């Protein structure tokens with residue numbers, strides 16, 4: 001009301017002076033009055049602008065006069081650009097959110113599969129190794145089979161040695177027998193000598209009997225018989241000698257046979273034993289290698305599990321990204337609000353009224369408060385260890 | 001088996017303070033020398049022997065039997081018999097027959 005009053009007062013005053021001038025019939029005065037009226041109107045508008053108290057951020061708009069062309073040429077296009085760019089940003093933000101969510105789901109699945117695959121592989125290796133080290137002949141382990149083979153070989157070698165010893169011992173006894181047989185020949189020689197001497201004696205006896213004549217006839221007969229006996233003795237001697245020789249030959253044959261029994265070449269035994277020892281060493285080496293390999297595989301599998309855990313933990317970045325994107329969306333929201341306020345302000349610039357302006361001012365203040373009241377939602381910028389705030 | 005000189009006879013002698021009977025073996029220690037080997041220890045009543053295999057290149061199972069008989073003659077477990085200088089093959093034979101438990105085997109050749 002004060003404003004209206006202040007406007008009307010000089011206008012009324014000047015209007016009155018104009019009437020007075022007209023009444024007095026002085027045109028010059030009328031002209032002066034018109035000029036003064038126009039000035040008053042202009043001054044009134046100047047007063048109006050002084051009374052209206054603008055906010056700091058709208059100071060620029062206040063300097064520009066209420067004039068629609070700048071609204072259409074500059075403000076509206078700018079406004080349209082802002083809108084379309086904001087839409088673009090929002091679309092991208094939404095898109096990123098979707099992509100990230102899908103990618104994380106897929107990655108998590110892959111990692112879990114990887115881990116499961118690794119564990120299955122380990123179990124399979126375990127099973128294979130168990131099997132290969134324990135399966136042998138009749139389900140016994142290869143190791144014990146080789147052990148038993150080695151024992152069997154040792155048994156045969158020991159038997160071989162014992163048989164050799166007994167064979168050589170037998171040959172010794174045969175040698176002794178042969179010595180005995182040879183001694184018989186000596187005896188036979190003596191018998192032969194005795195036989196020959198008996199023969200001679202008998203001959204002498206026959207000669208003496210002949211010299212004795214008739215009286216010696218009986219004696220000559222006896223002497224003859226003695227000669228026959230000694231000849232028979234010689235014959236038997238020869239037979240005995242023959243038999244003894246035959247025995248010697250037979251015994252020699254036995255000795256040869258037994259000698260062959262005693263003579264076994266050892267090289268086959270050595271080779272076989274060495275092979276068995278080697279096989280045993282190989283089995284032990286193989287088992288040791290298997291054990292070591294399994295341990296290393298276990299370590300690797302555990303490491304894979306650890307890496308998978310790390311990767312899954314890294315996928316937590318989804319939370320951070322979601323929060324970041326959410327906050328971006330909120331910023332966009334506020335920018336949209338700002339944009340609306342700007343739009344209304346621009347439209348008010350054509351016909352500013354204090355009430356609308358002050359309403360606008362209050363809304364701007366509200367917006368300012370909501371901007372300041374927001375702490376940065378995610379306190380970490382990188383993936384390295386950090387707490388994710390949940391709100 | 002073709003050495004520069006093939007030792008074909010065994011001879012034994014007594015030596016050392018312990019009056020050990022040393023039997024020097026032939027290049028071939030097999031059945032063919034069984035009689036000679038026996039003769040080299042048969043008349044002795046000692047229990048300390050040494051079988052010198054420095055010239056021995058071949059040994060078969062009969063030789064093992066002969067050594068066991070020598071050990072028996074010399075008192076069995078009470079016998080003290082050294083087997084000296086076996087070549088690598090002979091050493092292998094002695095070992096698979098576990099003779100290192102029954103005899104003192106020294107000077108194994110390379």
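Values quoted throughout were computed directly from the atomic coordinates according to the rules given, and no laboratory measurement underlies them. Keep in mind the model is a prediction, meaning the values are calculated, not measured. Cβ sites come from the backbone with ideal geometry, for glycine too, and all protein chains shown count toward neighbours.
Across peptide A:97-103, how many C-beta atoms of other chains are within 10 Å of each residue C-beta, on average?
0
For the range A:260-311, report the convex hull volume of the alpha-carbon atoms normalised per residue, in Å³, without decimals.
It comes to 44 Å³ per residue, whole-number rounded.
Using 1/(1 + (r/R0)^6) with R0 = 22 angstrom and r between the beta carbons of residue A:151 and residue A:285, what's the FRET efficiency to the nearest 0.05?
With R0 = 22 Å, the Cβ-Cβ based efficiency is 0.60.
Just want to confirm a number: the relative contact order over chain B, from Cα pairs under 8 angstrom separated by 6+ residues, in percent.
23
Mind pulling the per residue volume of the convex hull built on the Cα atoms of the range A:195-293? Å³ is fine.
82
For residue A:85 and residue A:253, calculate 0.36 nm times their separation in residues minus their Cα-Cα distance, and state this gained length in nm to one decimal.
48.3 nm
Rounded to two decimal places and with Rh computed the Kirkwood way over Cα pairs, what is Rg over Rh for chain B?
0.93
So between residue A:302 and residue A:99, what do we pick up on full extension, going 0.36 nm a residue minus the alpha carbon distance?
70.0 nm
In angstroms, what radius of gyration and Dmax does the range B:26-80 have, counting Cα atoms only?
Cα only, the range B:26-80: 11.0, 29 Å (Rg, Dmax).
Could you tell me how far the Cα centroid of the range A:105-129 sits from the Cα centroid of the range A:148-190, in Å?
Comparing the Cα centres of the range A:148-190 and the range A:105-129, I get a distance of 71 Å.
Taking the radius of gyration and the Kirkwood hydrodynamic radius from Cα positions alone, what is the Rg/Rh ratio for the range A:137-264, to two decimal places?
Rounded to two decimals, Rg over Rh is 1.53.
Return the average number of partner chain Cβ atoms within 10 angstrom of each residue Cβ along peptide B:62-72.
6
Between the alpha-carbon centers of the range A:228-273 and the range B:34-84, tell me the distance in whole angstrom.
Comparing the Cα centres of the range A:228-273 and the range B:34-84, I get a distance of 25 Å.
From other protein chains only, count the Cβ atoms within 10 Å of every residue's Cβ in B:35-45, then give the mean.
Partner Cβ neighbours, averaged per residue: 1.
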